[in-house]
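Colleague: Encoded as structure tokens, here's the structure I'll be asking about.
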Amino acid sequence: MTLAQAPHGFLSPTGVEIAFLLVGLVTLGAALVTVTTRQLVHAALWLVVALGGLAVEYLLLTAEFIAWVQVLIYVGSVVVLLLFGLMLTRAPIGRSPDADSGNRWAALTVAVAAAVALVWVVVDAFRTTWIDLDGPAAGTTKVTGVSLFRHWVLPFEALSVLLLAALVGAIVLSRKAKADAVPAAPGKEGAR
């Protein structure tokens, strides 16, 4: 039996699997820094690194279309929307001591429980599934489009409405703050 015919396993990883693991560790590190940093702008920039790492993971899984959608929608649109929201609402750019509610242990407990449940569900669902990285590309636009618009159209549209609501909310909050900051000129109270 040659090396190419040997079954894949955890003790004989391929180069793609090693790259997948390394990029996954960088992505996990960036995600941890995103949620632990006290500076909002730094958190947004680390979020770019984490979402970009996910796009690289999709590329390694031969899902090129999903990788570029990840870059365009999440890295491009969502992070830009987040940064505009920070700028328009005049959120503190530096450290935010008032953003800490003191519930770190409860949040850590919930996060660990959610992570354990997620890993358990994914491992249980894909226990015997191996992705053939040498075979034909599975992330083509036709397959993705059929899956997206047949099974996931409602969450996709709900996400777009949620992002629009966040943008409109940021604009309303910024305009209200400007209206409160500008005092009315004498004799102009009835003009509004």
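The values are calculated or read from the model by the stated rules, or taken from the named source; none is laboratory data. Computed from a predicted model, the values in this text were never measured in an experiment. No Cβ is skipped: glycine too gets one built from the backbone with ideal geometry, and neighbour counts run over all protein chains shown. SASA here: full protein model, heavy atoms, side chains in, ligands and nucleic acids out. Shrake-Rupley method; radii C 1.70, N 1.55, O 1.52, S 1.80 Å.
Colleague: With (1) touching a residue at least 12 places away in the same chain (Cβ under 8 Å); (2) surrounded by fewer than 19 Cβ atoms within 10 Å (Cβ to Cβ); (3) out of contact with any Lys or Arg (no Cβ under 6 Å at 6 or more places or on another chain); (4) not β-branched (Val, Ile, Thr) as the list, and Leu21 as the residue in question, which single condition is left unmet?
Modeller: All conditions are met except number (1).
Colleague: For Val143, indicate whether it is modelled with pLDDT of 80 or more and surrounded by 10 or more Cβ atoms within 10 Å (Cβ to Cβ).
Modeller: It is false that Val143 is modelled with pLDDT of 80 or more and surrounded by 10 or more Cβ atoms within 10 Å (Cβ to Cβ).
Colleague: Scan the range 122-135 residue by residue and report those that are loosely packed, with under 10 Cβ neighbours inside 10 Å and at pLDDT 75 or above.
Modeller: Going through the range 122-135, the residues loosely packed, with under 10 Cβ neighbours inside 10 Å turn out to be 123-125, 127-130, 132, 134-135.
Across the range 122-135, the qualifying residues are Val123, Asp124, Ala125, Arg127, Thr128.
Colleague: Before we move on, is Ala138 at pLDDT below 60, more than 18 Å from Leu81 (Cβ to Cβ) and in a loop (DSSP other than H, G, I, E, B)?
Modeller: no
Colleague: For residues that are small (Gly, Ala, Ser) and at pLDDT 85 or above, scanning just the range 63-106, find the one that is nearest to Trp46 (Cα to Cα).
Modeller: Here the residue is Ala67.
Colleague: Hey, another quick one. For the range 58-83: of the residues being of a type outside the set (A, V, I, L, M) and under 13 Å from the mean Cα position of the chain (by Cα), which is most open to solvent (accessible area, probe 1.4 Å)? Write out each step before concluding.
Modeller: At the first step, the residues of the range 58-83 found to be of a type outside the set (A, V, I, L, M) are 58, 62, 64-65, 68, 70, 74, 76-77.
Applying the additional criterion that residues be under 13 Å from the mean Cα position of the chain (by Cα) yields 70, 74, 76-77.
Numbers: Gln70: 15, Tyr74: 85, Gly76: 29, Ser77: 64 Å².
Result: Tyr74.
Colleague: For the range 28-65, give me each residue that is of a type in the set (D, E, K, R) and assigned to a helix (DSSP H, G or I).
Modeller: Within the range 28-65, Glu57, Glu64 qualify.
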